1. Which log10 I(q)/I(0) values, to two decimals, does region 86-232 give at q = 0.15, 0.16, 0.20 Å⁻¹ under the Debye formula with one point per Cα?
2. Given 37 °C and 0.692 mPa s, how large is the Stokes-Einstein diffusion coefficient of region 65-119 in µm²/s, with Rh as the Kirkwood radius over Cα pairs?
3. Working only with C-alpha atoms, what are the Rg and Dmax values of region 135-178, expressed in angstrom?
4. At 1.4 Å probe size, what's the solvent-accessible area of Tyr194? Round to the nearest 10 Å².
5. Let me check something: with ligands and nucleic acids excluded, how do Lys97, Lys128 order by accessible area (1.4 Å probe), largest to smallest?
6. When the label point is put 7 Å from the Cα of Asp91 along its Cα-to-beta-carbon vector, which residues of region 138-174 have a backbone N closer than 18 Å?
7. Quick one: length gained pulling Arg80 to Ala195 fully straight, 0.36 nm per residue minus the C-alpha distance?
8. Does region 143-203 classify as rounded, prolate or oblate by the C-alpha gyration tensor (a ≥ b ≥ c root eigenvalues; a/c under 1.5 gives rounded; else a/b over b/c gives prolate, otherwise oblate)?
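The values are calculated or read from the model by the stated rules, or taken from the named source; none is laboratory data. This structure is a prediction, so every number in the text was calculated from the model and none was measured. Cβ placement follows ideal geometry from the backbone for every residue including glycine, while neighbour counts extend to all protein chains displayed. Each accessible area value is taken on the protein alone, full model and side chains, heavy atoms only, with ligands, DNA and RNA left out. Shrake-Rupley method; radii C 1.70, N 1.55, O 1.52, S 1.80 Å.
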Amino acid sequence: MGFSALLAACGPGGGGAAPGAGEIAADPVIARALHDPLMTDPDLASRNEANAAIGFADSTALPVLAGSTEAAAAARAAMRIELLESGTLTDLPPASKAAGGVVFGPMSGAEELLGAVGAGGTCAEGLKEDFALAASLPPPAQIPPRAMVVQAGGSVARGCAVRIIRYLTPAAGTEVLQYHHVRASRAGLSSRRYAAPGDSIAARGTGAERLVVSLRQAANGLTGVTLVYRSS
């Protein structure tokens, strides 16, 4: 359905029914127009192009995805099934109140993200955005099922082998952290959970290998996740 047909159906005397989910899904332009959150949403601060120089601000791509009790339960089940296929689940450790946690917002810049995994600011020069990087993540940095990637990038420069992934999921934050904690632990990383300044986990492997996963409340009842992984 094109824009003219949609407007005719909505106008006086159009007589047409509102477009259904199938029609919306078939036209991503209409889907985005109808489902974009209000501009008062703090997660949309990066849409102000005056801030473009900050670098690696949150993507403006917004999925047609909303959280619900049913979606959260389905995401939780999918994560647990995937993890149980490779062994028993370990519990998410209690959150440490000691300093060391991180909190990333939609406007967290490249230097802040890279610094969380001990990568120098010079690594920012080699960062590039590429959704293909989210499809080839190493085991410690895999993202859970039923998650939707909204931004992916990284660098393969020497000493700067980093992946930065931002995704949304209907799953609860604790379920997300347990998923990443289990994956990191199985890969031999030492994982620790922090409560302040935000709920996050930080894991360290051999050499330069590090993983940081930070949560935030996103729009539409979803959990926003920023994952930064640096390989050794």
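1. -0.69, -0.80, -1.31
2. 220 µm²/s
3. In order Rg, Dmax, the Cα atoms of region 135-178 give 11.9, 36 Å.
4. 30 Å²
5. Largest accessible area first, the residues go Lys97, Lys128.
6. 174
7. 39.1 nm
8. Verdict is oblate for region 143-203.
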